[in-house]
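I am attaching a structure below and will ask some questions about it afterwards.
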Amino acid sequence: MKKFAFAALLAACAAAQADGVKLLTPVSYASESSVVPKVREACKLEQRLTEDVGSQLAGTTDSTQGDVVRVGIVDVMGVGGGGWTGPKAVSIRVELLKDGKVARSTHLTRTTTGGAFGGFMGTCSMLERDTKVLGKDVASWVASGGDGGSKTDGK
């Protein structure tokens, strides 16, 4: 119980420290990204990440003034067929900009198999699980002030 309370306190502090930092829009695919065109069109991960990251930060902006986070989709592991075609993953590059200059950056990845009902989920639903957790990961990384690193979800 004490560990849970401490983790909740840390999460609240991280969110409070990330206040004021906004997501630079639009979120886009990196030039080197490899994504199945059908998944790219159907899942609209740029919009999902804009919502999921922006909601964990102080909103969105199209200006590089002040402290902003730039997110680029580097890779998406996923084809049609939902849970029957294996795990789904989203990898992003995250850069914290201070008045337009990169102050620090990291690469984050989340992977899911959809959990107990993964076989009944669609590909986009599974990828949305990843983007929601990535939103929280980005906010924690911003608040931590550290380098972060790759994250993988075993679900």
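The values are calculated or read from the model by the stated rules, or taken from the named source; none is laboratory data. The structure presented is a predicted model; accordingly, all values stated were derived computationally and were not measured. Neighbour counts are summed over all protein chains in view; Cβ atoms, including those assigned to glycine, are modelled from backbone coordinates with ideal geometry. Ligands, DNA and RNA are excluded from the accessible area calculation, which covers all protein heavy atoms including side chains. Shrake-Rupley method; radii C 1.70, N 1.55, O 1.52, S 1.80 Å.
Only one residue in 69, 138 is part of a helix (DSSP H, G or I) and touching a helix residue (DSSP H, G or I) at 6+ places or on another chain (Cβ under 9 Å), so which one is that? Working first, answer last.
Numbers: 69 fails: part of a helix (DSSP H, G or I).
Result of the check over 69, 138: 138.
Output the residues belonging to the stretch 74-84 that are outside any loop (DSSP other than H, G, I, E, B) and surrounded by fewer than 21 Cβ atoms within 10 Å (Cβ to Cβ).
Of the residues in the stretch 74-84, the ones outside any loop (DSSP other than H, G, I, E, B) are 74-77, 82-84.
Answer for the stretch 74-84, where residues must be outside any loop (DSSP other than H, G, I, E, B) and surrounded by fewer than 21 Cβ atoms within 10 Å (Cβ to Cβ): 74, 75, 77, 82, 83, 84.
Which residues, counting only those in the stretch 43-66, are assigned to a loop (DSSP other than H, G, I, E, B) and among the small types (Gly, Ala, Ser)? Quick ask: steps written out before the conclusion?
Going through the stretch 43-66, the residues assigned to a loop (DSSP other than H, G, I, E, B) turn out to be 44, 55-59, 62-66.
55, 58, 59, 63, 66, listed by residue number.
Collect the residues in the stretch 56-65 that are more than 11 Å from the chain's Cα centre (by Cα) and either open to solvent by 40 Å² or more (accessible area, probe 1.4 Å) or farther than 25 Å from residue 21 by Cβ (or both), keeping them in residue-number order.
Once the filter is applied, which keeps residues that are more than 11 Å from the chain's Cα centre (by Cα) and either open to solvent by 40 Å² or more (accessible area, probe 1.4 Å) or farther than 25 Å from residue 21 by Cβ (or both), the stretch 56-65 yields 58, 60, 62, 63, 64, 65.
If the requirement is being among the β-branched types (Val, Ile, Thr) and over 14 Å from the mean Cα position of the chain (by Cα), which of these qualifies: 53, 68?
Being among the β-branched types (Val, Ile, Thr) and over 14 Å from the mean Cα position of the chain (by Cα) holds for just one of 53, 68, which is 68.
Now for a separate question. Kindly list, by first and then second residue, each pair from a residue in the stretch 114-132 that is within 10 Å of residue 48 (Cα to Cα) and surrounded by 20 or more Cβ atoms within 10 Å (Cβ to Cβ) to a residue that is at pLDDT 80 or above and acidic (Asp, Glu), limited to pairs with Cβ atoms under 8 Å and residues at least 6 apart or on different chains.
131/52
Then there's this: Check whether at least one residue in the stretch 85-102 is more than 15 Å from residue 23 (Cα to Cα), of a type outside the set (Gly, Ala, Ser) and surrounded by fewer than 19 Cβ atoms within 10 Å (Cβ to Cβ), and report yes or no.
Within the stretch 85-102 (the criterion being more than 15 Å from residue 23 (Cα to Cα), of a type outside the set (Gly, Ala, Ser) and surrounded by fewer than 19 Cβ atoms within 10 Å (Cβ to Cβ)), the answer is yes, since at least one residue qualifies.
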